[in-house]
Amino acid sequence: MSALVRIVRLWRGQAAWLALGLLVSLLSLAAGIALMTASGALVGEALLAGALVAPIVLRLLGVGRIVLRYAERLATHEATFRALASLRVWFFRKLAAGSAGGTGFRRTGEVLARLVADVEAQDGLYLRILVPLAGAIVLLPVLTVVIGARDPRLAAGIGACFVLSGFVLPGIASRLTVAAGGRITDAAAAMRVAGLDALTGLREVRAFAAEGRALASVQAREADLLHAQRTLADRAAVAGALALLSSQAAVLLVLAAAPADPATAVLAAFLVVAAFEAVAGLPRAGVLAGHAAAAAARILDVAEAPLAVPEPLAPRALPASHRLRFEKVSFRWLPERPAVFEGLNLDVPPGARIAVLGPSGSGKSTLAALALKVVAPDSGRVLLGDTDLAGLTAASLRTRMSWLSQTTHLFDDTIRANLLLARPDADETALWAALDTARIADVVRALPDGLDTWVGESGARFSGGQGRRLALARTLLSPAPILILDEPCAGLDAETERAFLQTLNDAAADRSVVLIAHRLTGVERLDRTYRLSAGHAVAAAA
Amino acid sequence: MARDGQGDKAAKLWLRQQIRLGRRHQWPVVASGLLSILAASGQAVCAGRLLADALAPRTGAPPGYPAATLILCFASLGVARAALSFFSERAAWSAGAAARRRIRSDALGRLLHAGPSVLRGAHSGELAALVIDQVDALDGLFSRWAPAAVLAVLGPAVVACVVLFADPLAAFVLAVAGVFVPFGMAFAGIGAASASRRQFVALARLQARFVDRVRGIATIVLAGQATAEAGRLQTAADELRRRTMRVLRVAFLSSASLDLALAAALVLLAIRYGTGLARGTWSSPAAAMTVLLLVPEFFAPLRSFAAAYQDRLHAAGAAGPLATLPPLPAEPGPPARVRTVTASGVAVAFENVGLTWDPARGPALDGLSFRVPAGETLILAGPSGAGKSTAIEILLGFVRPDSGRVTINGADIAELVPQALARLTAWIGQRPVLFAGTIRDNIRFARPEASDREVEDAARSARVLEFANGLPDGLETRVGEGGYGLSGGQAQRVAVARAFLKNAPLLLLDEPTAHLDPATESEVLASLRRLAIGRTVILATHSAAAQAFGGGRRLDLRAGQAVSARGAA
């Protein structure tokens, strides 16, 4: 639960709106309960003494309830939208600042998407959990004071029932959810893996006639998940039923007290019915809170992970030279994993075009990560000019490096916005020049909306080769003198790959190029080729 | 967010059909909901009479029933309601679970049946999200929305019937108020449903942008644009909020129709009874109390329905891609048998085979013919894109040729059932997929009924044991998602072990060494050479080392045609 409190604290900036939403919803709740109680009292008093709650009061309460309910909807939604936005922006900043680069480098899109789902799980926190909870907190003293003034013993009984159904049982429901959460998360992950395996391995599945087995495996994982969910659902249903039972007990107390003091009973009956109805949804909110709390803990874990590469306390100025050198660099991702590099030496003089080859798993992408200061070497140095990268801030270093890989993302935005990411101040001429060099200008020119064409999710509107050329145009637009190309052609077919590499030969005329690949196609123009082997770079015949 | 109307229509149709299929599981929810409303109505009757009787001594009317009976009645109905609420929640969960299970199996079954060709159009991650997340998003439709939709009509009707006995005029007032709710929503122009939809769309859009930026976070950070992008995210969210709130200000007016109906009915009836009793024009205090207590019960099902509308929207979002999955075949194809399948091996022949993936890019195979006698090895050589993989995919049954005939021992493979074809062939591709599980599980995948001994023999023959013995748990080391990461060469050796274990007479190798360094390549080729003994082998490759593999039969392909043949191909 402490994770939820920390999420709520992130909303400090929106405190005014959140408070206003709470206040209006409490007023609206009060009007609703007053309306119901006054209706009952009107009839009761008519029977007793004829001293009427004036019908005008009732009408006012009715109108007030409608107006307040409308205001409540507006205020709470405004507050919710603000809170949602601030949480997302906060998470994005944290992800970008902290482990960000590394996360984007190593984690797959699916993992990131799951994190996003955790952020989404906080969407109901204000409207569906905090607002009703605040209502229950305010209602409790109202109930006990109003009824207690006439019949303290009745008030105590009703208060106990209210605490049970409004606080204790929802609390238990949320605890059960947190406790079951681990099991459900594991089962859900197992099912996801089985599904992903079956679909990624469709070729294997077909070749080994394993369709039935693959389906059965997912179904078995699903059965585990459903079993875990069913246990939780059953318990939540019990909590809900008990909450209902305790509200029934409260009404029963009122009815039992009726013969002794009918006036109080009439008032209390309508008050209790309305008050318990207002908190009837809380056990479900408790379950929701349990889910949100578990998700919040995961978000905070990622957002508050320490920086993979600490920034220098006294940053040094960028050197004039853009020679890139690796000196006796050793690196491993995790202490228990084998070393990726051991004493790696590599020299990229300004303007040089080199290729680094190696099979998958030989640490090719790690090379890019080291050069971009996404990770720091365990020992040895990476130098730009004569300055150790450790002495440069990541931001200043990255003005010298431009990166293109198979995971370079095309955003669901216009072509223009995608290009401007590399150089926000670029003018129209510069954009077209970059597109021309990447040999995609003709395609863009032929589009009715030109630069303002929407590229679709991950560049879905374009073919694989065209998407990669758009990404290349963005890379070339950046004024950075060093290009790091990490398997830029992975996933392209052979013909497209060759055409793309040929474009690259002419495109990066005066920049240093580090091409990282598992093999060469023969069309690359290179000064030198290295092969990664056992953590070293070995010069190979060009 | 442009959507084509046709896809929307298909999604709607599909949803309606799914709701029909799920009906069987929904009636317990509806039935217990109705019973619960009845019990609540009974309680209102008891409570109304009890309160009226308590007031009676002062008003002079005689008590109707003994208080103890009424209290007992109220209490037992209360217990019944609690039990019904438990039962109804469980039933609702079961309805959602049953629907998820049914739809998931159906969707995955369709994808598995359609086979590897679906991977040409979509990434496996997207397909997995479809089968896992999108199906989960349908849960609320079946567990909440569908029953709530029925109860929103029947529930108020039941309450109105009970009220009819106490005060026909009150029943009429409630009926009018109840009918006013949907009309009021429509009159305000957009409806509570629409308010819900706007809000949902706004959130979905914000979420889509957020997911997109988080997925590309490395690109943003490395471009030095993190701060600027965070600002843009905030601006976009603010703008979206302002626009959405403008719409919601109007849309919520229509949501107010429910509040208006409830408040109006309550005020109207309270004044009717209050003044009526005071002036003596209304004589039944019990009926008055009962009706007033029933007013919230009357509107409760309508409120639940409005709340469940979110679930319907979630489902509509997920339905589109699920509605357009490839269909399952009506019936399995005609069974066929191959004349010989054992010891002597199989002979393969392509006769004038043509296949086009994409008309814009020309044919992948263009009248290809060749013949491989039983027990021989054929190298398919040629540059990438020449059609080597396509030829192998046809033999695996992943695709069917557009023209020509492919035969195995003289039988057309178009007439073979997929299982029979799979029995005959073992396949090793460029990058084998390792499933989450132990290395042993992954080898056994080739033949689930194999004994431990056979699995170990296969692992030895493929030299898996050489590296597995160096791992913490040997063959029991977990690999795949979340497991130990094997290198490309190690993964390929596991694939070779699968082929050893399967022991099929026809071995299809599609660039098995394309992603390996020269040293690993020669090791894997050595294993493959042992595997090839006594089998018919077709090896597609453009690696020089791999081309030295076979016994001299070689076919050079270019643009889907054979350009030169060595050996009697």
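The values are calculated or read from the model by the stated rules, or taken from the named source; none is laboratory data. Note that the structure is a prediction, hence the values are computed from the model and not measured. Cβ sites come from the backbone with ideal geometry, for glycine too, and all protein chains shown count toward neighbours. Ligands, DNA and RNA are stripped out before the accessible areas are found, and what is left, the full protein with its side chains, is counted by its heavy atoms. Shrake-Rupley method; radii C 1.70, N 1.55, O 1.52, S 1.80 Å.
When region A:239-257 is filtered for residues that are at the interface with chain B (Cβ under 8 Å from one of its Cβ atoms) and not hydrophobic (A, V, I, L, M, F, W, C), the ones remaining, listed by number, are A:GLY240, A:GLN248. Scanning region B:493-521 for residues that are open to solvent by 10 Å² or more (accessible area, probe 1.4 Å), part of a helix (DSSP H, G or I) and not small (Gly, Ala, Ser) yields a total of 6. For the condition more than 30 Å from B:LYS388 (Cα to Cα) and part of a helix (DSSP H, G or I), what is the one hit in A:ASP442, A:ASP510? Just a single option satisfies the conditions, and that option is A:ASP442.
Within region B:276-308, the only residue that satisfies the criterion of being away from chain A (no Cβ under 12 Å) and open to solvent by 40 Å² or more (accessible area, probe 1.4 Å) is B:PHE305. Say whether the condition of being within 7 Å of chain B (Cβ to nearest Cβ), more than 43 Å from the chain's Cα centre (by Cα) and surrounded by fewer than 23 Cβ atoms within 10 Å (Cβ to Cβ) is met by at least one residue in region A:219-238. No: zero hits. Here A:ALA269 fits the description: farther than 22 Å from A:ILE137 by Cβ and either within 39 Å of the chain's Cα centre (by Cα) or in a helix (DSSP H, G or I) (or both). Tell me, please, whether a residue that is assigned to a helix (DSSP H, G or I), closer than 28 Å to A:ALA194 by Cβ and in contact with a strand residue (DSSP E or B) (Cβ under 6 Å, 6 or more places away or on another chain) can be found in region B:443-465. No: zero hits.
Which ones in region B:104-115 are within 14 Å of B:THR324 (Cβ to Cβ) and open to solvent by less than 50 Å² (accessible area, probe 1.4 Å)? Please lay out each step first, then the result.
We begin by selecting, within region B:104-115, every residue within 14 Å of B:THR324 (Cβ to Cβ); these are B:106-107, B:110-111, B:114.
Listed by number, the residues that qualify are B:ALA107, B:LEU111, B:ALA114.
Restricting B:SER85, B:SER36, B:SER124, B:SER41 to residues that are over 22 Å from the mean Cα position of the chain (by Cα) and either of a type in the set (A, V, I, L, M) or at the interface with chain A (Cβ under 7 Å from one of its Cβ atoms) (or both) narrows the list to B:SER85. Looking at B:VAL118, is it crowded, with 19+ Cβ neighbours inside 10 Å and assigned to a helix (DSSP H, G or I)? Considered against the rule, which asks whether it is crowded, with 19+ Cβ neighbours inside 10 Å and assigned to a helix (DSSP H, G or I), B:VAL118 comes out as no.
Residues that are open to solvent by 10 Å² or more (accessible area, probe 1.4 Å), part of a helix (DSSP H, G or I), touching a residue at least 24 places away in the same chain (Cβ under 8 Å) and at the interface with another protein chain (Cβ under 7 Å from one of its Cβ atoms) do occur in region A:43-56. Could you say whether any residue in region B:214-229 is modelled with pLDDT of 85 or more, touching an Asp or Glu at 6+ places or on another chain (Cβ under 9 Å), more than 7 Å from chain A (Cβ to nearest Cβ) and surrounded by fewer than 22 Cβ atoms within 10 Å (Cβ to Cβ)? Among the residues of region B:214-229, not one is modelled with pLDDT of 85 or more, touching an Asp or Glu at 6+ places or on another chain (Cβ under 9 Å), more than 7 Å from chain A (Cβ to nearest Cβ) and surrounded by fewer than 22 Cβ atoms within 10 Å (Cβ to Cβ), which makes the answer no.
For region A:244-263, state whether one or more residues are more than 24 Å from B:ALA270 (Cα to Cα) and under 38 Å from the mean Cα position of the chain (by Cα). So far as region A:244-263 goes, yes, one or more of its residues are more than 24 Å from B:ALA270 (Cα to Cα) and under 38 Å from the mean Cα position of the chain (by Cα). Scanning region A:408-437 for residues that are among the hydrophobic types (A, V, I, L, M, F, W, C), closer than 25 Å to A:ALA369 by Cβ and either more than 10 Å from every other protein chain (Cβ to nearest Cβ) or touching a strand residue (DSSP E or B) at 6+ places or on another chain (Cβ under 9 Å) (or both) yields A:LEU419, A:ALA422.
Checking each residue in region B:413-433 for being basic (Lys, Arg) and within 16 Å of B:ALA504 (Cα to Cα) picks out only B:ARG423. For region A:15-42, the tally of residues that are at the interface with chain B (Cβ under 7 Å from one of its Cβ atoms) and of a type in the set (Gly, Ala, Ser) stands at 2. Contact map, region B:540-567: residues that are modelled with pLDDT of 75 or more paired with residues that are of a type in the set (Ser, Thr, Tyr) and surrounded by fewer than 18 Cβ atoms within 10 Å (Cβ to Cβ), Cβ distance under 6 Å, separation 6+ or inter-chain. Pairs shown: B:ASP556/B:SER564. Filtering B:GLY125, B:GLY178, B:GLY140 for residues that are crowded, with 17+ Cβ neighbours inside 10 Å and touching an Asp or Glu at 6+ places or on another chain (Cβ under 6 Å) leaves a single hit, B:GLY140.
For residues in region B:231-270 being of a type in the set (Asp, Glu) and at the interface with another protein chain (Cβ under 9 Å from one of its Cβ atoms), which is surrounded by the fewest Cβ atoms within 10 Å (Cβ to Cβ)?
Selected residue: B:ASP238.
Of the residues A:VAL238, A:VAL302, which is at pLDDT below 85 and of a type in the set (Val, Ile, Thr)? So the residue among A:VAL238, A:VAL302 that is at pLDDT below 85 and of a type in the set (Val, Ile, Thr) is A:VAL302. In region A:115-144, the residues that are assigned by TED's automatic domain parsing to the domain that holds A:ALA274 and over 20 Å from A:ARG284 (Cα atoms) reach residues that are part of a helix (DSSP H, G or I) and among the small types (Gly, Ala, Ser) with C-beta atoms within less than 6 angstrom, at least six apart or across chains, in these pairs: A:LEU143/A:ALA275; A:THR144/A:ALA155; A:THR144/A:GLY159. Scan region A:43-51 and tell me whether some residue there is of a type in the set (Val, Ile, Thr) and at pLDDT below 85. Yes, because at least one residue in region A:43-51 is of a type in the set (Val, Ile, Thr) and at pLDDT below 85.
Taken over region B:382-433, the criterion of being part of a strand (DSSP E or B) and either more than 28 Å from B:ALA462 (Cα to Cα) or out of contact with any helix residue (DSSP H, G or I) (no Cβ under 6 Å at 6 or more places or on another chain) (or both) is satisfied by B:SER403, B:GLY404, B:ARG405, B:VAL406, B:THR407, B:ILE408, B:ALA411, B:ASP412, B:THR425. Against the conditions (1) in contact with a strand residue (DSSP E or B) (Cβ under 8 Å, 6 or more places away or on another chain); (2) open to solvent by 20 Å² or more (accessible area, probe 1.4 Å); (3) within 11 Å of another protein chain (Cβ to nearest Cβ), B:GLU476 satisfies every one except (3). Return yes when B:ALA152 is touching a Phe, Trp or Tyr at 6+ places or on another chain (Cβ under 6 Å) and part of a helix (DSSP H, G or I) and no when it is not. For B:ALA152, the condition - touching a Phe, Trp or Tyr at 6+ places or on another chain (Cβ under 6 Å) and part of a helix (DSSP H, G or I) - is met. Looking at region B:430-442, is at least one residue in contact (Cβ under 8 Å) with a residue 60 or more places away in the chain and surrounded by fewer than 20 Cβ atoms within 10 Å (Cβ to Cβ)? Looking for residues that are in contact (Cβ under 8 Å) with a residue 60 or more places away in the chain and surrounded by fewer than 20 Cβ atoms within 10 Å (Cβ to Cβ), one finds at least one in region B:430-442, hence yes. On the stretch given as region B:349-390, residues that are within 19 Å of B:ALA548 (Cα to Cα) and acidic (Asp, Glu) total 1.
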